[in-house]
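Just below is one structure, and these are the notes that go with it.
The values are calculated or read from the model by the stated rules, or taken from the named source; none is laboratory data. Note that the structure is a prediction, hence the values are computed from the model and not measured. Note that we place each Cβ from the backbone using ideal geometry, even for glycine, and neighbour counts take in every protein chain shown. The protein model used for the area step is the full one, side chains on, heavy atoms only, and it has no ligands, DNA or RNA in it. Shrake-Rupley method; radii C 1.70, N 1.55, O 1.52, S 1.80 Å.
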Amino acid sequence: NICNHFKEAKITAVDTHFKNDFISNYRNSSNFHSVTPYKSLDGLEKSQPPFSLVLLLDVLEHIENDILFLRSLLNYPFINSNTLILISVPAFNHLFSSHDVFLEHFRRYSVLSLKETAAASGFTPFDSGYFFFSLIPIRILYLLKEKISPVADITGSNLHEWKGSEFLSHLIKNILFLDFKLLRTFSRIGLNIPGLSAYCLCKKSVS
């Protein structure tokens, strides 16, 4: 949880799926001092100072025209040349499956295609890589299973529902965090090991 790690941070959460009742109730709760929810960027106050960091975590794959969306961010005054933009996306189109369809993904990315998308949108990438290498074999097995026995009703899938124990959840979280740290270390010494997800850190390009 970001709030637990950065207790002094003021966080703005934007999600088109936020309901008006949720936003109203949340703003009246004790959490409102650290997180302010909005349904769209257009709802932010005009006096909003520039953000130091914008997180686009598993967002771009849901947007049909990803470049147009990223370019639209350049029009907002709270994103300037000092704002860090961290983008994460699912990796590799050849790993596209019914699960992506269920989640309404338009595409998956390689690190190269993600950097090209960011650059074409007016941002300058300066760090990138993959993570979650340990999940690739699981995705490959799932794709093989799909070929043998295709999913008949994607809308009825419960792949997004997690019903494991708290202990198992904590264990998986630690394994995936270690996975990320290892791939990050390898990347720093020039070994780009593929993972099920890709990331790109960038800033608004200076003309």
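For this structure, a couple of remarks:
- Filter on Lys115/Lys181; Lys10/Lys204; Lys115/Lys173; Lys46/Lys204; Lys7/Lys203; Lys147/Lys181 - keep pairs with C-alpha separation over 23 Å: Lys115/Lys173; Lys7/Lys203; Lys147/Lys181
- Only protein atoms count toward the accessible area here, which uses a 1.4 Å probe; on the chain, the carbon and sulfur part of that area reaches 60 percent.
- Placing dummy labels 7 Å off each Cα toward the beta-carbon, the span from Leu178 to Glu104 is 3.7 nm.
- Solvent-free Debye scattering, log10 I(q)/I(0), computed from the Cα coordinates of the chain at q = 0.08 Å⁻¹: -0.33
- If the segment from Leu168 to Arg71 were pulled out straight at 0.36 nm per residue, it would be longer than the present Cα-Cα gap by 30.9 nm.
- Around the Cα centre of the stretch 54-123, unit charges on the Cβ atoms of Lys, Arg, Asp and Glu (plus for the first two, minus for the last two) sum to a dipole of about 200 debye.
- The trypsin sites (Lys or Arg not before Pro) of the stretch 162-207 meeting both criteria, a DSSP state outside H, G, I, E and B (loop) and at most 12 other C-beta atoms within 10 angstrom of the site's C-beta, are Lys163.
- GluC sites (Glu not before Pro), loop per DSSP, at most 14 other Cβ atoms within 10 Å - longest free stretch of the chain: 105-160
- Surface exposure of the chain, expressed per residue as accessible area with a 1.4 Å probe, stands at 65 Å².
- Sorted largest first, the spans of the alpha carbon positions of the stretch 42-108 along the three principal axes are 43, 21, 16 Å.
- Only beta bridges with both residues in the chain are counted; by DSSP, about 60 percent of them are antiparallel.
- Dividing the convex hull volume of the alpha-carbon atoms in the stretch 1-92 by its residue count gives 129 Å³ per residue.
- Here is how the number arises for the chain: DSSP H runs of 4 or more residues each give -39500 (n - 2.57), the sum is divided by the residue count, and the result at 222 nm is -10000 deg cm²/dmol.
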